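The values are calculated or read from the model by the stated rules, or taken from the named source; none is laboratory data. Given the structure is predicted, the values throughout are model-derived calculations rather than measurements. Glycine also receives a Cβ, built like all others from the backbone with ideal geometry; neighbour counts cover every protein chain displayed.
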């Protein structure tokens, strides 16, 4: 798949997930066949103020290339500066978040609230596009609610302002993550614009990713929550128990190395829960694992758990 000047190995991408899609998880997804990985959503105001936590989110490592950076914000001038920082950090494509349903984000006009102001969308995209040399894209939803499903209007604006792709989660802001993603709307979007359409929503397996493309005609698929605990979703097949165990321990070791012992352990608890979903005795495994804080004890317990599965 080609997004502007960016040539990708395939049509699958990893969605921005707050607190999850760091360099570690992105590198794992890339190893398992993901064509394009995205940073978690980064607040443009935080980047410009030089907040350490925000600047760290701009980090990119070689093994995850190519990487897209997603920015959130509603001030064109601030977004321009943040976009230039993202490009300087090594982003190969920039994505503007117009789909986040969180009240914390939409209380201004950022996230999905941007979609309620097409004039601002046009201004923001025009200014950002003129300020960077890397491809520009947007991530949207169907609209604010069922009465304001204006995704076609926003997509046309993006196309006219030089965006190379529209990533769309097929739910409204009001839906959040409830109900069902409306894949027919992805098909409708594909029929109305010429630039690539990347569908998103309710893709929980590689087979469902292929089904989305077949049913909607979309050019690619972005996978977010469906990748949790199964970063191999980007390619066919399921790894063996031995490979799953080794991946869990590798991810854990790198988390300790990157974040330090205390934070590294804490951040991995959710990943251990996701990795173990669907395995026999996973509930008691998670409950017991959460009582450990020592890295060696955690590694030993993971080894023991998988040994008992064989």
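Among (1) modelled with pLDDT of 95 or more; (2) more than 20 Å from the chain's Cα centre (by Cα); (3) in a loop (DSSP other than H, G, I, E, B), there is one condition residue 257 misses while meeting the rest; what is its number?
With respect to (1) modelled with pLDDT of 95 or more; (2) more than 20 Å from the chain's Cα centre (by Cα); (3) in a loop (DSSP other than H, G, I, E, B), residue 257 is out only on (3).
Any chance you could count how many residues in the stretch 217-230 are under 13 Å from residue 169 (Cα atoms) and over 13 Å from the mean Cα position of the chain (by Cα)?
Selection size over the stretch 217-230: 2.
Could you figure out which of (1) without any contact (Cβ under 8 Å) to a residue 60 or more places away in the chain; (2) touching a strand residue (DSSP E or B) at 6+ places or on another chain (Cβ under 9 Å); (3) over 19 Å from residue 225 (Cα atoms) isn't true of residue 81?
For residue 81, the failing item is (2).
Being in a loop (DSSP other than H, G, I, E, B) and in contact with a helix residue (DSSP H, G or I) (Cβ under 7 Å, 6 or more places away or on another chain) is the filter here, so list the residues in the stretch 206-237 that pass it.
The answer is 217, 218, 228, 229, 235, 236.
Looking at the structure I just gave you, is residue 58 touching a strand residue (DSSP E or B) at 6+ places or on another chain (Cβ under 9 Å), farther than 17 Å from residue 198 by Cβ, in a loop (DSSP other than H, G, I, E, B) and modelled with pLDDT of 95 or more?
Considered against the rule, which asks whether it is touching a strand residue (DSSP E or B) at 6+ places or on another chain (Cβ under 9 Å), farther than 17 Å from residue 198 by Cβ, in a loop (DSSP other than H, G, I, E, B) and modelled with pLDDT of 95 or more, residue 58 comes out as yes.
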